[in-house]
Amino acid sequence: SMTSLNDQREAEDFFNALLYAVDGLIYTNKPVIGAVNGLAYGGGCEILLFMDVVISTRSARFSIPEGRLGLIPPMALSVGYNSIGRSVAWLAITGEEIDAMRAKEIGLVDIVGDDLNLELEKVMARISSMDQGSIKVIKAWLRKSREPIREAIRELSFMSLSTQAKERMKRFLSR
């Protein structure tokens, strides 16, 4: 876990795994759909910024609380403003939890429903009716606004080594 990182090399290796996963989302030519049923906190919330469509249950909750841990939310900082505007600053600076309807209001979620599978089927049917060549070009253009993530993840790797961040993370994990 992050609390056991000893030096910058270990921290970079640890966070490169995150970067590898995010790169997969950025560079795929296929539409990526996120579905939230429960809590989407920290990286789980931030990763939604890389989805093409996000579906949520009404009971889902969202938060970007990294600041409480002495860390930064790299995905929110690097691409969040382009994705959901100023709301990302509020979420990152306050760490406040929001419900699914508020997440939809700010553009973090596209569809809020009671049946995730039904909503997913509807979205997939709509996407399936699109020209696949057009989707590839759309994805290539969307990709351009999502590439600054590397620098933010590197900054997080430095911050994760601080004693304060490790202590806060330990307290968080012990809950």
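Per-residue answers, yes or no, for (1) out of contact with any His (no Cβ under 6 Å at 6 or more places or on another chain); (2) assigned to a helix (DSSP H, G or I); (3) closer than 23 Å to L25 by Cα; (4) not β-branched (V, I, T):
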residue	(1), (2), (3), (4)
L77	yes, yes, yes, yes
L118	yes, yes, no, yes
K122	yes, yes, yes, yes
R126	yes, yes, yes, yes
V137	yes, yes, yes, no
F158	yes, yes, no, yes
Exercise. Could you grab me the full set of residues in the range 7-24 that are under 30 Å from D131 (Cα atoms) and open to solvent by 30 Å² or more (accessible area, probe 1.4 Å)?
Key: Y20, A21, D23, G24
Quiz prompt | Looking only at the range 128-142, and only at residues there that are within 19 Å of L48 (Cβ to Cβ) and open to solvent by 40 Å² or more (accessible area, probe 1.4 Å), the one that is modelled with the highest pLDDT | solution = I138
Quiz item: Going through the range 34-46 one residue at a time, which ones are within 26 Å of I127 (Cα to Cα) and open to solvent by 50 Å² or more (accessible area, probe 1.4 Å)?
Solution: A35, N37
Practice problem: Could you identify the single residue in I127, I149 that is over 22 Å from T57 (Cα atoms) and in contact (Cβ under 8 Å) with a residue 60 or more places away in the chain? | Solution: I149
Quiz item: So P31 clears everything in (1) under 12 Å from the mean Cα position of the chain (by Cα); (2) open to solvent by 40 Å² or more (accessible area, probe 1.4 Å); (3) not small (G, A, S) except one condition, right? Which one?
Solution: (1)
Practice problem: Mind listing whichever residues of the range 84-114 are outside any helix (DSSP H, G or I) and under 20 Å from P31 (Cβ atoms)? | Solution: G107, L108, V109, D110, I111, V112, G113
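Per-residue answers, yes or no, for (1) within 18 Å of Y41 (Cβ to Cβ); (2) open to solvent by less than 40 Å² (accessible area, probe 1.4 Å); (3) in contact with a helix residue (DSSP H, G or I) (Cβ under 7 Å, 6 or more places away or on another chain); (4) of a type in the set (S, T, N, Q):
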position	(1), (2), (3), (4)
N82	no, no, no, yes
K104	yes, no, no, no
G113	no, yes, yes, no
L116	no, yes, no, no
K122	no, no, no, no
L156	yes, yes, yes, no
A165	yes, yes, yes, no
F172	yes, no, yes, no
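The values are calculated or read from the model by the stated rules, or taken from the named source; none is laboratory data. This one's a predicted model, so the numbers in the text were calculated from it and none came from an experiment. Here the Cβ is made from the backbone with ideal geometry for all residues, glycine too, and neighbour counts use every protein chain on show. Surface areas here come from the heavy atoms of the whole protein model, side chains and all, with no ligands, DNA or RNA. Shrake-Rupley method; radii C 1.70, N 1.55, O 1.52, S 1.80 Å.
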